[in-house]
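The values are calculated or read from the model by the stated rules, or taken from the named source; none is laboratory data. Bear in mind that the values here come from a model prediction, so they are computed numbers and not experimental data. Cβ sites come from the backbone with ideal geometry, for glycine too, and all protein chains shown count toward neighbours. Accessible surface is based on the protein model in full, side chains and every heavy atom, while ligands, DNA and RNA are left aside. Shrake-Rupley method; radii C 1.70, N 1.55, O 1.52, S 1.80 Å.
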Amino acid sequence: MRIAMLGFGSVGRGIAEAVSEKDLGLSITAVADSRSGIIDADGIDIRDVLERKRTTGLCGTPGITAEDVIESGVYDVLVEVTPTNADSAEPALGYITCALTAGRHVVTSNKGPVALRYDALMQLAVSRNVQLRYEATVCGAIPLIQALEIGLAGNTITALNGVFNGTCNYILTRMTDEGLSYSQALLEARELGYAEADPTYDVKGIDAAIKLVILANSIWGLNVSLDDVDITGIDGLTTDALALAEDLDCTIRLIGEIIPEKRILKVSPRVLSKDHSLVVRDTLNAVTVETDMAGEITLIGRGAGSRETASAIIADILFIRDCYVERT
Ligand code: HSE
């Protein structure tokens, strides 16, 4: 399976490292970052690319662009891992549209295009008989979309509640455990590389809400937008509020909730008892799915990070290869 990759930041490098370390039967034939690119139909020496990026900040030759990769690259799957733009979804939306139109499968970690244009992109993918997969957009390494689409097929999901934003969870954990101020904890979260480029997306609950929109549209076809989510972030929370919860042997977590049947989508800080299954530490994510047949299922894992997000991207690529390409 030949891969062209757009984006060579933390996630892109995580994918490249995994492909070069593991015998997955994948070959990277083109890569572009924001300032350079490299194309070789016979397969790129990805260790060279990783070293060049580390020493020069460029993955390839200046002047070779993402458009060049899409149009001139020889690939079966476009892996689109450029940063999220939640307002217009561009330029990723254009890249994905071009690749699907050209009959290429697409795997992405980019929340913007999936949250804003899910139906249109899926229709395009179906019309070209290719796959668009996006497991990495929600809860990083947790295979939540696979679980909802495949593992729990046939169940009616009555509710889904979870911690969808690692940055907020980290801030709340550090404020409670170490008594850090909100701004100190946010600074730490940014240093860890978990926060969005604009961390107001995290702390105002927008990142969690985007993930709910992706699930609502892709799993339940609710056709909602960010405007349909009732959002309260953690930016107004004080250490006093956390201390008050602590006095009750409770703590506070930013919880996203979907009740599909009622079209309820909500993100808000909630007081939970300390032994609640959604009270996870640091940057972990956790999601509880309530179903009619399987009962209650909770998935816990790393919601972001280079290698963790690469795990979800590679699982999507291998799913396309093993469950789709080889059967058609
Ligand atoms: N900023 C996000 C988070 C990254 O903190 O969860 C993963 O989507």
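Here are the numbers for this structure:
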{"quantity": "Scan of the stretch 146-165 for residues that are of a type in the set (A, V, I, L, M) and either under 18 Å from D292 (Cα atoms) or assigned by TED's automatic domain parsing to the domain that holds G12 (or both), ordered by number", "calculated": "A147, L148, I150, L152, A153, I157, A159, L160"}
{"quantity": "Members of the stretch 33-64 that are in a loop (DSSP other than H, G, I, E, B) and open to solvent by 80 Å² or more (accessible area, probe 1.4 Å)", "calculated": "S34, R35, D42, D45"}
{"quantity": "Of all residues in the stretch 290-328 being closer than 30 Å to R104 by Cα and among the charged types (D, E, K, R), the one that is least open to solvent (accessible area, probe 1.4 Å)", "calculated": "D316"}
{"quantity": "Top-ranked residue of the stretch 173-208 - restricted to ones that are of a type in the set (K, R) and in a helix (DSSP H, G or I), ranked as nearest to the ligand (Cβ to nearest atom)", "calculated": "R190"}
{"quantity": "Yes/no for A115 being away from the ligand (no atom under 16 Å from the Cβ), at negative phi and open to solvent by less than 40 Å² (accessible area, probe 1.4 Å)", "calculated": "no"}
{"quantity": "Any hit, the stretch 130-149, residues being under 21 Å from V287 (Cα atoms), touching a strand residue (DSSP E or B) at 6+ places or on another chain (Cβ under 6 Å), among the β-branched types (V, I, T) and surrounded by fewer than 17 Cβ atoms within 10 Å (Cβ to Cβ)", "calculated": "no"}
{"quantity": "Single residue of the stretch 212-226 satisfying the filter (open to solvent by less than 10 Å² (accessible area, probe 1.4 Å) and touching a residue at least 60 places away in the same chain (Cβ under 8 Å)) that is nearest to the ligand (Cβ to nearest atom)", "calculated": "I214"}
{"quantity": "Among the candidates V74, V79, residue that is open to solvent by 50 Å² or more (accessible area, probe 1.4 Å), among the hydrophobic types (A, V, I, L, M, F, W, C), more than 16 Å from the ligand (Cβ to nearest atom) and touching a residue at least 60 places away in the same chain (Cβ under 8 Å)", "calculated": "V74"}
{"quantity": "Residue in the stretch 164-172 that is out of contact with any His (no Cβ under 6 Å at 6 or more places or on another chain), away from the ligand (no atom under 12 Å from the Cβ) and among the polar types (S, T, N, Q) present", "calculated": "no"}
{"quantity": "Residue among G205, G193, G236 that is on the phi > 0 side of the Ramachandran plot and either out of contact with any helix residue (DSSP H, G or I) (no Cβ under 8 Å at 6 or more places or on another chain) or surrounded by 20 or more Cβ atoms within 10 Å (Cβ to Cβ) (or both)", "calculated": "G205"}
{"quantity": "Residue in the stretch 194-211 that is out of contact with any strand residue (DSSP E or B) (no Cβ under 6 Å at 6 or more places or on another chain), free of Cβ contacts under 8 Å to residues at least 12 places away in the same chain and not assigned by TED's automatic domain parsing to the domain that holds S109 present", "calculated": "yes"}
